[in-house]
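The next block holds one structure in the form of structure tokens; read it before the comments.
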There are 2 protein chains.
Amino acid sequence: MREAFHDELESVYSDLSAICGQVKVSVERATQALLTGDATLAEQVITADADIDHRRERVEDQAFALLSLQAPVAGDLRMVVAALRMVSELERMGDLSVHIAKIARLRVPEVAVPVDQRSTVVRMAQIAEGMVDKVVRIIADRDTEGPEDLRLQEEEMDKLRRSLFTAMLGDDWPHGVEAAVDLALLGRYYERIADHALSVANRIVFVVTGQAAAVS
Amino acid sequence: MREAFHDELESVYSDLSAICGQVKVSVERATQALLTGDATLAEQVITADADIDHRRERVEDQAFALLSLQAPVAGDLRMVVAALRMVSELERMGDLSVHIAKIARLRVPEVAVPVDQRSTVVRMAQIAEGMVDKVVRIIADRDTEGPEDLRLQEEEMDKLRRSLFTAMLGDDWPHGVEAAVDLALLGRYYERIADHALSVANRIVFVVTGQAAAVS
């Protein structure tokens, strides 16, 4: 019984890690679509989201079955409950990459990001993708050292978002309202992906140690 | 044992409903601060969020204890798991009202919303507040008729947000980039509050019927 439980729990966590891998692909593709005005790639991100949603439901069903049939306690219970929460956050990260893809699609054949803000958006996207990539492994390895690293990256994300706002709200902003509105929302979406990534990493710390992570 | 379980579960749901009531106050105050440029009121929303977070933790602890000590199954298990998810969504709704309050605070002594967009923002805020208010009762009464009503309101929210974008991106937008960026983010925040409200109402349907709500 206990061994079967742990096998199934392991399978839930390996699904979580795989879903996180899919989210990473979505964030990468959405960013690529955004920077190149590639409508086909944007469509791929939007279509692929149904698969992430479907896998979320499967993880939820599995976790629910584990709770119902095995009535785990203490650390095991913590792991199942955390899985239910992490899968919601991963799904949201997928939704956010869809929002990015939709802004890309809306501006085709133009590109939503002005040339002089491109490097800032590229860096924000790199941070978000890098964080999601780390979380793939943090979930798989139950790595408790992850959050500290991710917190630094989240801080850089905040700085980049602020510099985007400084540029947009300056008197010499040459790109008009549409570009500014797009960038304000894009900044928000990348920041939220980063927030969720850090939150998932923190949940892994809680799962492993029973203590809240020192960083949030 | 069963009776004690159901008393505790009832106490969890009454806490959820009370937290939702606090969220409603936050959304109302944040909107008021936004429309009047009232920094004190904005501060109150920001400060009060710690209390929502604290109550969320208490609900989480209670739900975790119920799972751990009582090992509920079937409908009871569904109710405890749903409570864990709803409390996360309620907390996010509180965070979103803080974001609205922060935009209000940032523009004091000015008002972030231009006069000619005021009625649209007021209507968005009314919808969001009305939805949150309904959810207070939907949770308390385990009302399964709620979502259909809320879905119509969410549709109106989408329309309002689109009309905001049409105004901002028109050639004759007179208010410049800052007002547009503020409105884009405000529209997003109110829309997300409405999304979460509908999602919580849908979870109540699932809790009561064991079936996903027909509307989402």
Check each residue of region A:185-216 and keep those whose accessible area, probe 1.4 Å, is at least 10 Å² smaller with all protein chains in place than in the chain alone; give them in order of residue number.
A:L185, A:R188, A:Y189, A:R192
How big is chain B in terms of Cα radius of gyration and Dmax, in angstroms?
18.7, 67
Translational diffusion coefficient (Stokes-Einstein; Kirkwood radius from C-alpha pairs) of the protein assembly as shown at 20 °C, 1.002 mPa s, in µm²/s
96 µm²/s
So how strong a dipole does region A:2-209 carry about its Cα centre when Lys and Arg Cβ are +1 and Asp and Glu Cβ are -1, to the nearest 20 debye?
220 debye
Between region B:42-121 and region B:130-169, what is the separation of their alpha carbon centroids in Å?
16 Å
Mean separation of Cα contacts under 8 Å, 6 or more apart, over the residue count of chain B: relative contact order %:
28 percent
3J(HN,Hα) from dihedral phi, region B:37-44, Karplus parametrisation 6.51/-1.76/1.60, rounded to Hz, x for glycine, proline
x, 8, 5, 5, 5, 4, 4, 4
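Considering only protein heavy atoms and a 1.4 Å probe, what is the carbon-and-sulfur percentage of the accessible area of chain B? Provide the component values of the computation, followed by the final result.
Details: 4490 of 8980 Å².
Here carbon and sulfur together make up 50 percent of the probe-accessible area.
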Chain-alone versus full-assembly comparison, region A:83-112, residues with accessible loss of at least 30 Å² (1.4 Å probe):
A:L84, A:R85, A:R92
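When ranked by the protection proxy of mean other Cβ atoms within 10 Å per residue, highest first, what sequence do the peptides A:41-49, A:118-126, B:90-98 form? Could you put the intermediate results ahead of the total?
On the way: A:41-49: 19.3, A:118-126: 17.6, B:90-98: 23.8.
My ranking of the peptides, most packed first, is B:90-98, A:41-49, A:118-126.
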Note: B vs A interface, total accessible area buried (1.4 Å probe; ligands, DNA, RNA excluded), nearest 100 Å², is 2500 Å²
Specify which residue in the list A:L164, A:A50, A:Q126 is farthest towards the positive end of the charge dipole of chain A, using unit charges on the beta carbon of Lys, Arg (+1) and Asp, Glu (-1), about the Cα centre.
A:L164
So how tilted is helix B:176-209 from the main axis of chain B? Cα-based, degrees 0 to 90, rounded to 10.
20 degrees
So for region B:141-216, Kirkwood radius off the Cα pairs, Stokes-Einstein at 20 °C and 1.002 mPa s: how many µm² s⁻¹?
154 µm²/s
With +1 on the Cβ of every Lys and Arg and -1 on the Cβ of every Asp and Glu, the dipole magnitude of the protein assembly as shown about its Cα centre, in debye rounded to the nearest 20, is 200 debye
Per residue, how much accessible area does chain A have with a 1.4 Å probe, in Å²?
41 Å²
With point charges of +1 on the Cβ of Lys and Arg and -1 on the Cβ of Asp and Glu, referenced to the Cα centre of the protein assembly as shown, which listed residue (B:V177, A:T40, A:L84) lies farthest in the positive direction of the dipole?
B:V177
Hand me the GluC sites (Glu not before Pro) from region A:114-216 located in a DSSP loop with no more than 15 other Cβ atoms within 10 Å, in residue order please.
A:E145
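Rounded to the nearest 500, what is chain A's calculated 222 nm mean residue ellipticity when only DSSP H runs of at least 4 contribute -39500 (n - 2.57) each, over all residues? Present the calculation step by step, with values, prior to reporting the outcome.
Details: 6 runs with 183 residues, N = 216.
Only helices count here, giving -30500 deg cm²/dmol.
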Return the FRET efficiency for the residue pair A:V108, A:D53: r is the Cβ-Cβ distance, R0 is 22 Å, and the value is rounded to the nearest 0.05.
0.35
For region A:97-144, with only Lys/Arg (+1) and Asp/Glu (-1) charged at the beta-carbon, what is the dipole magnitude about the Cα centre, in debye rounded to 20?
140 debye
Scalar couplings 3J(HN,Hα) for region B:50-57 by Karplus 6.51 cos²θ - 1.76 cosθ + 1.60 (θ = phi - 60°), nearest whole Hz, x for Gly and Pro, are 4, 5, 4, 4, 5, 5, 4, 4
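The values are calculated or read from the model by the stated rules, or taken from the named source; none is laboratory data. Everything quoted here is computed from the prediction, not taken from an experiment. Heads up, the Cβs are rebuilt from the backbone with ideal geometry, glycines too, and the neighbour counts pull from every protein chain shown. For accessibility, only protein heavy atoms count, side chains too; no ligands or nucleic acids. Shrake-Rupley method; radii C 1.70, N 1.55, O 1.52, S 1.80 Å.
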